[in-house]
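Peer 1: Provided herewith is a single structure, encoded as C-alpha cells, for subsequent inquiry.
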C-alpha cells in the first residue's frame, strides 16, 4: 500500500489543479537557505525507485528544527523534500532536473484532518504547480500515518545535528 500511495502522490505532482487560485500550502520561497537536514539517493532496485528515484535533499525552517530536536513539531514548522534526477556519468553521481518540491507545513488547527500537517507538491519545483491540494490525505498523509510516533515525519537529521 505504501508504494501505491507514493506512486499516486508523484503521479499527482505531474498535474496542476486548475481551480486552485492559491495553494493551501504555499511554495517555500528561499528554502535552500534553510537548514539542510540530510540527503540521500534512491537507486534502481529500491522498492520506491519508480516513485522516488533520485537525489533527495531535505530542508527545515527554524521551527521544524525545533521539532526534530524535541520530537514534536510546532505550528509554523516547514519541511521541504527536494527531489532531483540522479545523473550518473564518468563514475560520478550528480543532480539532474528537479522532479518535485514536496512540502509539509504544520498548522494543527488548519490541517487537523491530516495530523496537523498540510502537504503540497510542486512539480518540477514550479511554484504555480499545486499538485496535491485537496488530495493530501490520500496522496501524502495515508503513508505518513506510519510515522505517527514521530509526529508523522519520516526524516531524521544526521546524528549530532
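The values are calculated or read from the model by the stated rules, or taken from the named source; none is laboratory data. As the structure is a computational prediction, the values presented were derived from the model and not from experiment. Using ideal geometry, Cβ is built from the backbone for each residue, glycine included, and neighbour counts are taken over all protein chains shown.
Peer 1: Take the residues in segment 125-161 that are within 17 Å of residue 36 (Cα to Cα) and without any contact (Cβ under 8 Å) to a residue 40 or more places away in the chain; name whichever of them is surrounded by the most Cβ atoms within 10 Å (Cβ to Cβ).
Peer 2: Selected residue: 154.
Peer 1: While we're looking at this one, here's another question. Among the residues of segment 146-161, which ones are within 16 Å of residue 74 (Cα to Cα) and not in a loop (DSSP other than H, G, I, E, B)?
Peer 2: 148, 149, 150
Peer 1: Next question. Given the condition modelled with pLDDT of 95 or more, closer than 21 Å to residue 44 by Cα and over 12 Å from the mean Cα position of the chain (by Cα), answer yes or no: does some residue in segment 98-109 qualify?
Peer 2: yes
Peer 1: Considering only residues that are at pLDDT 95 or above, out of contact with any strand residue (DSSP E or B) (no Cβ under 7 Å at 6 or more places or on another chain) and closer than 16 Å to residue 101 by Cβ, which ones fall in segment 30-84?
Peer 2: Matches in segment 30-84: 30, 33.
Peer 1: Considering only segment 30-56, state which residues are assigned to a loop (DSSP other than H, G, I, E, B) and over 15 Å from residue 78 (Cα atoms).
Peer 2: 43, 44, 45, 46, 47, 48, 53
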